[in-house]
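The values are calculated or read from the model by the stated rules, or taken from the named source; none is laboratory data. Nothing here was measured: the structure is a model prediction, and the numbers come from that model. Note that we place each Cβ from the backbone using ideal geometry, even for glycine, and neighbour counts take in every protein chain shown.
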Amino acid sequence: MKIKIAVLTLCGSLTLVPGADAKDSQTRQVLIEARIVELGGIGGFNYSMAKPKGADKTDKFTSINLQSVIGYLVTDNFELEFNPILSIESLKPAATGNTITNTRLGALAGGAFHFARESRIVPYIFAAAGFQTNSFTGASDDAKKVSLILPDVGLGIKPFITDDCAIRMELFVRKTLNAEGIKDFNEVQVGVGAGLTVFIRPTLITGYE
């Protein structure tokens, strides 16, 4: 039995298929399929708005986000995802005029549906829900109050660099309930993100299709 192992780079192909050769790896047609594990990360920026209860003015925020991607394709199109999030938010409430930094830690769980799986650029839509904690500097509020994220929805594309590595670019809208840990203070975020993900195929684990 002939087994070839090719390790190119993080984004290269690694094949453990009996009798397979490099040509088989390079001519793979379907890039998104069931039983694939997706791992990676996304960095992004978002703009937020929220109006405190009883206030006349709307507060505005900007955030920098880092998000891990952990996904598993349960069918050829549908992927379950779990995404830990770190977000650093700068806000200047209209009521005080003071600049406050909020460090948010949380996670999202949801799913993504892929289209045009045979293309080198795969579009997708996604939806998720989750939570985040709030830790403030420059404010007297208690730290680590919990907010609920519901929903987080968006769309994106995955341009494949190799058969097993893609750039991930997405646009999202996210609603945070009890934002900043304040009851009935709801925030709407609009953001963009981009990152890199790798795809671990079943053949890497089993050696067989």
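Every residue, every condition in (1) hydroxyl-bearing (Ser, Thr, Tyr); (2) at pLDDT 70 or above; (3) assigned to a helix (DSSP H, G or I); (4) under 14 Å from the mean Cα position of the chain (by Cα), yes or no:
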{"position": "MET1", "(1), (2), (3), (4)": "no, no, no, no"}
{"position": "LEU8", "(1), (2), (3), (4)": "no, no, no, no"}
{"position": "ASP24", "(1), (2), (3), (4)": "no, no, yes, no"}
{"position": "ALA34", "(1), (2), (3), (4)": "no, yes, no, no"}
{"position": "GLU38", "(1), (2), (3), (4)": "no, yes, no, yes"}
{"position": "ILE64", "(1), (2), (3), (4)": "no, yes, no, yes"}
{"position": "VAL69", "(1), (2), (3), (4)": "no, yes, no, yes"}
{"position": "ASP76", "(1), (2), (3), (4)": "no, yes, no, no"}
{"position": "GLU81", "(1), (2), (3), (4)": "no, yes, no, yes"}
Original post:
Which residues, taken from the range 175-185, are surrounded by fewer than 19 Cβ atoms within 10 Å (Cβ to Cβ) and touching a residue at least 24 places away in the same chain (Cβ under 8 Å)?
Top reply: LYS175, LEU177, ASN178, ILE182, ASP184, PHE185
Subject >> Residues within the range 94-127 that are at pLDDT below 90 and touching a Lys or Arg at 6+ places or on another chain (Cβ under 9 Å), tallied >> reply: 5
**OP:** Take the range 100-118 and flag every residue that is touching a residue at least 12 places away in the same chain (Cβ under 8 Å) and small (Gly, Ala, Ser).
**Re:** GLY106, ALA107, ALA109, GLY110, GLY111, ALA112
